[in-house]
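Below is one structure, written out as structure tokens, with a few remarks after it.
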Amino acid sequence: MERVYIFDTTLRDGEQAPGFSMTTEEKLQMALQLARLGVDVIEAGFAAASKGDFEAVKLIAEEVKGPVICSLARALEKDIELAAQALEGAERKRIHTFIATSEIHMKYKLRLPPEEVLERAEKAVAFARRFTDDVEFSCEDATRSQREFLYRIIERAIKAGATVINIPDTVGYAVPEEFAQLIEDIRNNVPNIDKAIISVHCHDDLGMAVANSLMAIKHGARQVECTINGIGERAGNAALEEIVMALKVRKDFFGGLYTNINTKELYKTSRLLCRITGSFVPPNKAVVGDNAFAHESGIHQHGVLSNPLTYEIMSPEDVGFPSTRIVLGKHSGRHALKSKLKEMGYELSEEEIDKIFEKFKALADKKKEVYEEDLEAIIYEEVMKI
Ligand code: KIV
Ligand code: ZN
């Protein structure tokens, strides 16, 4: 049984997305909840990005115990110094330094020749090691980088002291099989790769961030970078709750890999983020969406009421979700109606239930959901004749 480390970047990559910025106090509140959730690493921010980010990393480093606290830093001495300064109060700290490795990024963004990028990466890692022995190196835009160059830069970063090598799919370009192969190739072609943990960081531009992350884990990655509710740049990052539950529910497929996450805290963490940022989760969102454990159709309701496992592959309690929700609507059957009436405390004859069912169906055709108050009105009219 091997552990997969959960690196949460809600407060860094997640916060970078439009509409998700948080105050220092809000970030602290979120970080405390992430610690309760059991994440291994909290990327608290990008200390050099702004005074506010620096303060947030500093406060989280001082106040949050348990997870490793991390700050992002470009491969520049001044960024790394600021990260180290902000992290001073941390029980355990990590500096995460990165540089772009794809031709397009090196040419148009960095305006640096590849050899200079190699030098900078090596120097940055060695410099970061002066402040902590936990240094992560990321090859930004790894999935669009030239393969041999990627191997070389990873080798140099490990030699310089990187303990975690992160492979980001920065623009969400990869597809699962190809990404899995990239991880395999890195494991087979980079000397001393076993001295570092391989991490992945996937974006969701083509809706494959979670699938790509999971395939990378299956092929040897042991740290996964993700965010609560999948928030992040553009279409977002891989959703933490989906990765964690996929590993848990499909332990058989993933060879018993496990995480340290207390899954019962997932729903609460998701909703705390919503409250803080004023965002919402789509109802059909996997694991934490309002409909994740809701059933409206008669066939499904009958199944779930007889045995929840017929249509639920995990239980709502496992993720801290309030409970399975039987939604009464136009697709619902008599079985669900009868169970609801019983739950509401009504002992009715089969004949009475038939009458109520007929009225209920007529009403359900006119509105999206039939509530307890609607049923009460029908009962008063049809049974009590009030
Ligand atoms: O997407 C990305 O490449 C990043 C890196 C800084 C890790 O966020
Ligand atoms: Zn990213």
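The values are calculated or read from the model by the stated rules, or taken from the named source; none is laboratory data. Not measured: the values here are computed from a predicted model. Note that we place each Cβ from the backbone using ideal geometry, even for glycine, and neighbour counts take in every protein chain shown.
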Identify all residues within segment 1-16 that are surrounded by 17 or more Cβ atoms within 10 Å (Cβ to Cβ) and in contact with a strand residue (DSSP E or B) (Cβ under 9 Å, 6 or more places away or on another chain); write none if there are none. Val4, Tyr5, Ile6, Phe7, Asp8, Thr9, Thr10, Leu11, Arg12, Asp13, Gly14, Glu15
Pull up segment 322-331, narrow it to residues that are in a loop (DSSP other than H, G, I, E, B) and modelled with pLDDT under 95, then point me to the one that is surrounded by the most Cβ atoms within 10 Å (Cβ to Cβ). Thr324
Restricting to segment 186-213, give me the number of residues that are farther than 18 Å from Ile158 by Cβ and in a helix (DSSP H, G or I). 5
Would you check which residues across segment 69-85 are over 25 Å from the mean Cα position of the chain (by Cα) and crowded, with 24+ Cβ neighbours inside 10 Å and list them? Ala75, Ile80
Conditions (1) among the hydrophobic types (A, V, I, L, M, F, W, C); (2) surrounded by 13 or more Cβ atoms within 10 Å (Cβ to Cβ); (3) at pLDDT below 95: number failed by Ala336: (3)
Which pairs have Cβ atoms under 6 Å, sit 6 or more apart or on different chains, and link a residue in segment 187-213 that is loosely packed, with under 15 Cβ neighbours inside 10 Å to one that is in a loop (DSSP other than H, G, I, E, B) and of a type outside the set (Phe, Trp, Tyr)? Arg187/Gly220
Go through segment 231-277 and count every residue that is within 16 Å of ligand 1 (Cβ to nearest atom) and more than 22 Å from Val164 (Cα to Cα). 5
Pick out the one residue from Thr310, Thr324 that is within 30 Å of Thr269 (Cβ to Cβ) and without any contact (Cβ under 8 Å) to a residue 24 or more places away in the chain. Thr310
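If a residue counts only when it is touching a Cys at 6+ places or on another chain (Cβ under 7 Å) and at pLDDT 95 or above, which helices (runs of 4 or more DSSP H) contained entirely in segment 214-320 have at least 2 such residues?
In segment 214-320, the matching helices (runs of 4 or more DSSP H) lie at 240-249.
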Can you tell me which of Gly52, Gly66, Gly89, Gly19 is away from ligand 2 (no atom under 16 Å from the Cβ), within 21 Å of the chain's Cα centre (by Cα), at pLDDT 95 or above and surrounded by fewer than 19 Cβ atoms within 10 Å (Cβ to Cβ)? Gly66
When every residue in segment 122-158 that is within 14 Å of ligand 2 (Cβ to nearest atom) and assigned to a strand (DSSP E or B) is compared, the one surrounded by the most Cβ atoms within 10 Å (Cβ to Cβ) is Glu136
Of the conditions (1) more than 21 Å from Val164 (Cβ to Cβ); (2) within 15 Å of ligand 2 (Cβ to nearest atom), the single one that Tyr108 does not satisfy is (2)
Keeping to segment 332-366, report how many residues are under 22 Å from Ile299 (Cα atoms), without any contact (Cβ under 8 Å) to a residue 12 or more places away in the chain and part of a loop (DSSP other than H, G, I, E, B). 1
Residue by residue through segment 159-179, note down the ones that are assigned to a helix (DSSP H, G or I) and surrounded by 20 or more Cβ atoms within 10 Å (Cβ to Cβ). Phe179
Mind checking which residues of segment 131-188 are within 26 Å of the chain's Cα centre (by Cα) and of a type in the set (Gly, Ala, Ser)? Ser138, Ala142, Ser145, Ala162, Gly172, Ala174, Ala180
Inside segment 214-240, can you point out the residues that are among the charged types (D, E, K, R) and within 15 Å of ligand 2 (Cβ to nearest atom)? Glu225, Glu233, Arg234
With respect to Met344, is the statement that it is on the phi < 0 side of the Ramachandran plot, surrounded by fewer than 14 Cβ atoms within 10 Å (Cβ to Cβ) and in contact with an Asp or Glu (Cβ under 8 Å, 6 or more places away or on another chain) true? yes
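For every residue, the table says whether it meets (1) under 15 Å from the mean Cα position of the chain (by Cα); (2) within 16 Å of ligand 2 (Cβ to nearest atom); (3) in contact (Cβ under 8 Å) with a residue 12 or more places away in the chain; (4) farther than 18 Å from Ser213 by Cβ.
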| site | (1), (2), (3), (4) |
| --- | --- |
| Met1 | no, no, yes, yes |
| Ile6 | yes, yes, yes, no |
| Thr9 | yes, yes, yes, no |
| Asp13 | yes, yes, yes, no |
| Thr24 | no, no, yes, yes |
| Lys27 | no, no, yes, yes |
| Leu32 | no, no, yes, yes |
| Leu37 | yes, no, yes, no |
| Val41 | yes, yes, yes, no |
